[in-house]
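The values are calculated or read from the model by the stated rules, or taken from the named source; none is laboratory data. Predicted, not measured: the structure shown is a model, and the values here were computed from it. Cβ atoms come from the backbone with ideal geometry, glycine included; neighbour counts cover every protein chain shown. The area values use the complete protein model at the heavy-atom level, side chains included, leaving out ligands, DNA and RNA. Shrake-Rupley method; radii C 1.70, N 1.55, O 1.52, S 1.80 Å.
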Amino acid sequence: MKKTLIVASLMAMSGVVAKAGGLMTNTNYHIAFDRMMARGATFDIDAAYSNPAGLAWGHDGFQLSLNFQKPWQNRDIETTIPNYLQYNGVYDGYQGFNNTTFEGKASVPVVPALFASYKKDKWAVSAMVGIVGSGGFVKYEDGIPMFNALVMGSIFKSSLQNYAQNADPIITPDMYTIDSEVKGKQYIYGAQVNFTYKFTDYLAGAVGVRANYYDGYSRAYVTASAGGTTLVDLGLDCTQRGWGFAPIVSVDYHQGPVTLAARYEFRTKIDTENDTKRLSEQLPSDLTAPYRDGNHVRYDMPALLSVAFGYEFTPSLRATAEYHFFDDKNAKMAGDRQKTLTGGTNEFLLGVEYDINDKFTVSCGGQRTDYGLSDEYEQHTSFACDSYSVGLGGAWNITDKIRLNAGYFVTLYSDYTKEYDSYFSTGYPGTDTFSRTNHVVGIGIDYKF
């Protein structure tokens, strides 16, 4: 078996999970986002993240908000690869293809987020704690195509060579079994604090900083056995952790029914350190170095520019249009993978909110996310798909001080198809179709005092 084929699969195990907003950044922390999407011009408590400068026009005194979201998501890979069970009698090719779907189940028990603020006169201070990047577990119980294809192709090619030399039997997939599994975790926890000041009756600014902690792992194994004999037994168990900090600046102009707001988050440089429990030692050390215990790998969060325009049509009806740009191409990833992107991520958001009366508010919104994807960027261990999201929900003012928020949003992804002239060095063509589904429900409570 060619060692370099298996090394290639292990080398791609970093970044098993990627999620939402930008490629490494989440934007849905408060339930108001779930039900409206565009929150860049808000003065409510969720402005502690989405518009810190806007808190200059927010509630005088203290505010607290506790939010819980439950997402569920599938990340599937449909493969079309050569059928090694059929051949032309001389064992030099293939006949037909296998179509197989590898189902990836992504899950998070509950995603919490906490907001707090205090305003007096022209000053405000606020804080937010949540999962600011990625966030979740993913598991492929049958492994991923790159593992299985590499093993099948390597065994088949090796047996062909032996057959040509001494007429040993050809080993085809019906003669052995493959046991393979891939799972990963990726969380970036964040704690943010902002200081807001109102310069004039119409203009306010804010500065802040967020501390980000990365915690993730990549675990995988693949074994192939025939008649009690192990043909392949390889695995990876690597945990990565690291810190990073991001300065944040924002401005807000508010006059009459018009609000113009902008926020800029600087790139967060996150340098993680490997804690490796398993890495097949028979593999070449120079190729497995990125997973060696104690080595360092980058998982930066990109710089983010957010610009929003809010307009109050009546005291009861409000709308916001918003734009996000995530500079993913200049945020370092494992193996400098960011260089394969064609550009950063562009997001366009629109939301509408209506107060039915003093007690009840309803809202809805949408978001378009367009990544700078390329064939080289898309991998079995980590892939993205352009998408549209739609959210709706409402709020109930239980009392003058307590508000209950509830929301739901669904993300509709565009499949990404990638074609290969040689499917993971098998020498034969193949195709991958990457697809995703995503649903989120959430509930939260705001308290003023």
Inset, instruction - Among the residues of the stretch 110-151, count how many are open to solvent by 70 Å² or more (accessible area, probe 1.4 Å), farther than 30 Å from residue 79 by Cβ and either assigned to a loop (DSSP other than H, G, I, E, B) or not hydrophobic (A, V, I, L, M, F, W, C) (or both). - result: 5
Legend entry - Considering residues of the stretch 338-354 that are open to solvent by 30 Å² or more (accessible area, probe 1.4 Å) and of a type outside the set (Ser, Thr, Tyr) only, the residue nearest to residue 394 (Cα to Cα): 352
Legend entry - Test for residue 408: is it more than 30 Å from residue 368 (Cβ to Cβ), in a strand (DSSP E or B) and in contact (Cβ under 8 Å) with a residue 40 or more places away in the chain: no
Inset, instruction - Examine the stretch 420-429 for a residue that is part of a strand (DSSP E or B), on the phi < 0 side of the Ramachandran plot and not aromatic (Phe, Trp, Tyr), and state whether such a residue exists. - result: no
Inset, instruction - Evaluate the following for residue 156: is it touching a Ser or Thr at 6+ places or on another chain (Cβ under 7 Å), surrounded by 20 or more Cβ atoms within 10 Å (Cβ to Cβ) and either of a type outside the set (Lys, Arg) or not in a helix (DSSP H, G or I) (or both)? - result: yes
Legend entry - Leading residue by the ranking (nearest to residue 322 (Cα to Cα)) among those in the stretch 254-276 that are touching a Phe, Trp or Tyr at 6+ places or on another chain (Cβ under 6 Å) and open to solvent by 50 Å² or more (accessible area, probe 1.4 Å): 260
Inset, instruction - With the condition kept exactly as written, say whether any residue in the stretch 413-421 is within 19 Å of residue 34 (Cα to Cα) and of a type in the set (Lys, Arg). - result: no
Legend entry - Lone qualifier among 41, 32 - being among the small types (Gly, Ala, Ser), open to solvent by 10 Å² or more (accessible area, probe 1.4 Å), at pLDDT 95 or above and closer than 16 Å to residue 320 by Cβ: 41
Legend entry - the stretch 140-154 residues that are of a type in the set (S, T, N, Q), paired with ones that are open to solvent by 10 Å² or more (accessible area, probe 1.4 Å) (beta carbon under 7 Å, 6 or more apart): 148/178; 154/1; 154/2; 154/5
Inset, instruction - Might you let me know whether the stretch 170-191 holds any residue that is of a type in the set (Asp, Glu), open to solvent by 30 Å² or more (accessible area, probe 1.4 Å) and either within 30 Å of residue 214 (Cα to Cα) or in a strand (DSSP E or B) (or both)? - result: yes
Legend entry - Matching entry among 279, 231, 305 (being open to solvent by 60 Å² or more (accessible area, probe 1.4 Å), more than 16 Å from residue 212 (Cβ to Cβ) and in contact with a helix residue (DSSP H, G or I) (Cβ under 7 Å, 6 or more places away or on another chain)): 231
Inset, instruction - Only one of these is more than 30 Å from residue 316 (Cβ to Cβ) and among the aromatic types (Phe, Trp, Tyr): 449, 409, 383. Name it. - result: 383
